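**Student:** Before I ask anything, here is the structure I am working with.
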Amino acid sequence: MDIPYTIEARPDTGLYNAKVGIWLFLASEVMLFGALFSSYVMLRVGSLEWPHGLLNVPIGTLNTVVLITSSITVVLAWASLKLKDFSKFKLFQGCTVLLALTFVIIKSFEYHDKFTHYYVQYNDGAQIVEKTGHLEGNPLNWTLATLADPARSIAEITFHPDAAKDEHGPAHGEHPAPIKIATSQIKKLESFGPWHSTYLAIYFTLTGLHALHVIGGAIVIGYFWGPGSRMWKTEPARLTNRVEVSGLFWHFVDLVWIFLFPVLYLL
């Protein structure tokens, strides 16, 4: 028995089944991200201080361009099916998958930098000095507790500070020379993970959830580019509808990032 309204529109909604389903699903997604953005606003308004400069704006801008371009290619893939040009569909659909993977790879480098970049705070009498940079070997789990562990017998760490910043922005020249810091002088040592601050906890929550949506969307779009595209020989109209539905989800993913980018990177 054939399932009705997989191709033709339902008389009660004017939409075929999959399109009704995706709009209901996207409504739940709006509520999910709406709650998270609302939580962000409340935490931001209630915070006395809010850090700036922890995220790489050029990389965020590059990822924004990547996702916007993927929105264009996903539309072109659907339009190619409407024009019965299967070869162009394969081209544009494949480009969408590659752009999605590019976004995830760039984001993974950004995450890696946060977990291997360290904040060191130490006491020199009454004066507290704060530095940021990389530890030698980029350990992922070094904290004050691990440094103080007698079994490790770590007396000092080699720290590679970032270039100092002045009122005009980044300092000119190369990074400062590595320095050795005695563990007994360190007051605080941690990477820039979600535990570092409320801001970074929000960053990892929102961007991590968004990245999962990107990966999920890429899997679906990749399926219709690969095994799912065989439906073109038997039910071309149904494949066209499915590609349109996956494209609607992808546009939502792009739209979420368009909100995330200025909120987290620029404001």
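The values are calculated or read from the model by the stated rules, or taken from the named source; none is laboratory data. Fair warning: this is a prediction, and the values are worked out from it, not measured in the lab. Using ideal geometry, Cβ is built from the backbone for each residue, glycine included, and neighbour counts are taken over all protein chains shown.
**Student:** Out of all the residues in segment 222-237, is one or more among the β-branched types (Val, Ile, Thr) and over 17 Å from Ser87 (Cα atoms)?
**Tutor:** No.
**Student:** Determine which member of the set Gly247, Gly216, Gly222 is part of a helix (DSSP H, G or I), without any contact (Cβ under 8 Å) to a residue 40 or more places away in the chain and farther than 30 Å from Glu156 by Cα.
**Tutor:** Gly216
**Student:** Related question: Which of the residues that make up segment 30-54 are crowded, with 16+ Cβ neighbours inside 10 Å and either at pLDDT below 90 or charged (D, E, K, R) (or both)?
**Tutor:** Leu54
**Student:** Looking only at residues in segment 72-82 that are buried (at least 20 other Cβ atoms within 10 Å of the Cβ) and within 22 Å of the chain's Cα centre (by Cα), which one is farthest from Tyr223 (Cα to Cα)?
**Tutor:** Thr73
**Student:** Determine whether segment 231-249 contains at least one residue that is modelled with pLDDT under 95 and farther than 25 Å from Leu15 by Cβ.
**Tutor:** yes
**Student:** Given the criteria loosely packed, with under 12 Cβ neighbours inside 10 Å and farther than 20 Å from Leu260 by Cβ, does Gly14 qualify?
**Tutor:** Yes.
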